[in-house]
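Note sheet for the following structure.
The values are calculated or read from the model by the stated rules, or taken from the named source; none is laboratory data. None of these values were measured; they are calculated from a predicted model. Neighbour counts are summed over all protein chains in view; Cβ atoms, including those assigned to glycine, are modelled from backbone coordinates with ideal geometry.
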Ligand SMILES: Cc1cc2nc3c(=O)[nH]c(=O)nc-3n(C[C@H](O)[C@H](O)[C@H](O)COP(=O)(O)O)c2cc1C
Ligand code: SF4
């Protein structure tokens, strides 16, 4: 039996029901309840110029029938990026690229919501331009050890201004909405978190103070785009920090996040996208296997990143550490799908705006049940769609689950810093060559999209 109380239906037949009902937000209507979740890949130029490969990537999902795509991580400024080679939205001359991407996705009756993000101190390969990160704290992150500074109120006002300008560009590009990435350990988690935020000014201490910065950014975005443009927030409902660092404080609880979501709704946010975890990755997100063999293979790309890079590399090669990590990560595969639905439901009960839930979804009956029982209004899917770009069409044909589902092996994640984003589970393909061809297909006909090429006349 799967979470949600449903079992797989082995006999395909035409699908109906909640999945294919449109979803009306205050400022946006989406044709069905399946959102492509944020999946970041290094498809672009070092300086943040978007490429055709990214457009090709997004089109795979638009063609596959998702109602909306929530973009991968888009840095609002260089200091807030996690790795280079992600398309940015930090300058007006980025607008034509996003306009072209949105237009191509829209041709498939698919909406495009762009995720506006800032790393704070949690980064992977920050690049050479910026020496220190800005955060709620001056303490480095315990994993990589990137130097960081506690942002001053003036610096926070600058960041809020950059979020507002990025949202304004998204609107000018004709995109359908923006999502603030306030989940998974990045800048906003660093402020919201009782485990990380050690400030003594008006941005630290009580939950009200810790939420102040996020609410200021919401207000700045509303000031820039008006009240009639879709704005959603992705939040880690529970931090569950002990799952990662057993001796540390557990961080914010679902009850804390329920309060924050109520404030977000009052501030004019149109939807909440529910995730989990104090960091990324975290044993609960993306839940599934931890393969130290894969980690050791790809980790050298981060050896010079942060002061703990080399230490980590040695630790990941140490059998005992290996065992502990794999233990910590181990989840029963059957329990992964919909594993944070309870968190989503707690938030949904507290707010009047739609709630989107992420986490392992790829079974129609589980999704139907989650929507029908009021745990969420829609689901966002990352890996399930990376594995089966046409998942929604499979549901429409009556499959409860795709014939070759995502195995939650997390090899896409382990490869993503070094290799093109895609499904790396060879067991899902007839041959290794087939897998490679599928991964490399994102580069078919890919050239750089210059502002001229992407202009209106195209
Ligand atoms: C390779 C990879 C890249 C991801 N990139 C992002 C990202 O840029 N922004 C974000 O909010 N979440 C990101 N996520 C998390 C997913 O959006 C999703 O919430 C999570 O994987 C759980 O959903 P799933 O089980 O359907 O994949 C990423 C996950 C993976 C596996
Ligand atoms: S590599 Fe493929 S099967 Fe493995 S988690 Fe990623 S999408 Fe799923």
When segment 273-290 is checked residue by residue, the ones that are within 12 Å of ligand 2 (Cβ to nearest atom) and either farther than 19 Å from residue 123 by Cβ or buried (at least 22 other Cβ atoms within 10 Å of the Cβ) (or both) are 286, 287, 288, 289, 290
* Could you check, for segment 197-204, whether at least one of its residues is in contact with a helix residue (DSSP H, G or I) (Cβ under 9 Å, 6 or more places away or on another chain), modelled with pLDDT of 95 or more, surrounded by fewer than 21 Cβ atoms within 10 Å (Cβ to Cβ) and farther than 24 Å from residue 239 by Cα? => no
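Listed here are the residues, each with its yes/no results for (1) near ligand 2 (Cβ under 10 Å from one of its atoms); (2) at pLDDT below 95; (3) closer than 20 Å to residue 57 by Cα.
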| residue | (1), (2), (3) |
| --- | --- |
| 371 | no, no, no |
| 377 | no, no, no |
| 383 | yes, no, yes |
| 390 | no, no, yes |
| 399 | no, no, no |
| 413 | yes, yes, yes |
Check: Is it true that residue 343 is more than 21 Å from residue 119 (Cα to Cα), away from ligand 1 (no atom under 15 Å from the Cβ) and in contact (Cβ under 8 Å) with a residue 60 or more places away in the chain?
Finding: no
Filter segment 43-74 for residues that are within 16 Å of ligand 2 (Cβ to nearest atom) and farther than 22 Å from residue 188 by Cβ; the one that is farthest from the chain's Cα centre (by Cα) is 64
Residue 418: passes all of (1) within 8 Å of ligand 2 (Cβ to nearest atom); (2) at pLDDT below 95 but (1)
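Residue-wise test of (1) more than 20 Å from the chain's Cα centre (by Cα); (2) more than 23 Å from residue 396 (Cα to Cα); (3) at pLDDT below 95.
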| site | (1), (2), (3) |
| --- | --- |
| 326 | yes, yes, yes |
| 333 | yes, yes, yes |
| 344 | no, yes, no |
| 361 | no, no, no |
| 366 | yes, no, no |
Kindly indicate whether any position in segment 75-90 is crowded, with 23+ Cβ neighbours inside 10 Å, under 15 Å from the mean Cα position of the chain (by Cα) and within 30 Å of residue 20 (Cα to Cα). no
Exercise. Is it the case that residue 362 is closer than 20 Å to residue 283 by Cα and either touching a residue at least 12 places away in the same chain (Cβ under 8 Å) or within 15 Å of ligand 2 (Cβ to nearest atom) (or both)?
Worked result: yes
The helices (runs of 4 or more DSSP H) lying wholly within segment 148-226 that contain at least 1 residues that are under 23 Å from residue 258 (Cβ atoms) are 187-192, 207-225
A careful count of residues in segment 291-306 that are modelled with pLDDT of 75 or more and within 16 Å of ligand 1 (Cβ to nearest atom) gives 6
Expected output for segment 403-427 (first residue within 14 Å of residue 83 (Cβ to Cβ), partner within 8 Å of ligand 2 (Cβ to nearest atom) and assigned to a loop (DSSP other than H, G, I, E, B), Cβ below 6 Å, 6+ apart or cross-chain) is 415/424
If we keep only residues of segment 309-340 that are outside any helix (DSSP H, G or I) and touching a helix residue (DSSP H, G or I) at 6+ places or on another chain (Cβ under 9 Å), then the residue nearest to ligand 1 (Cβ to nearest atom) is 337
In segment 210-241, anything surrounded by fewer than 24 Cβ atoms within 10 Å (Cβ to Cβ) and over 21 Å from the mean Cα position of the chain (by Cα) is listed as 212, 216, 219, 220, 222, 223, 224, 225, 226, 227, 228
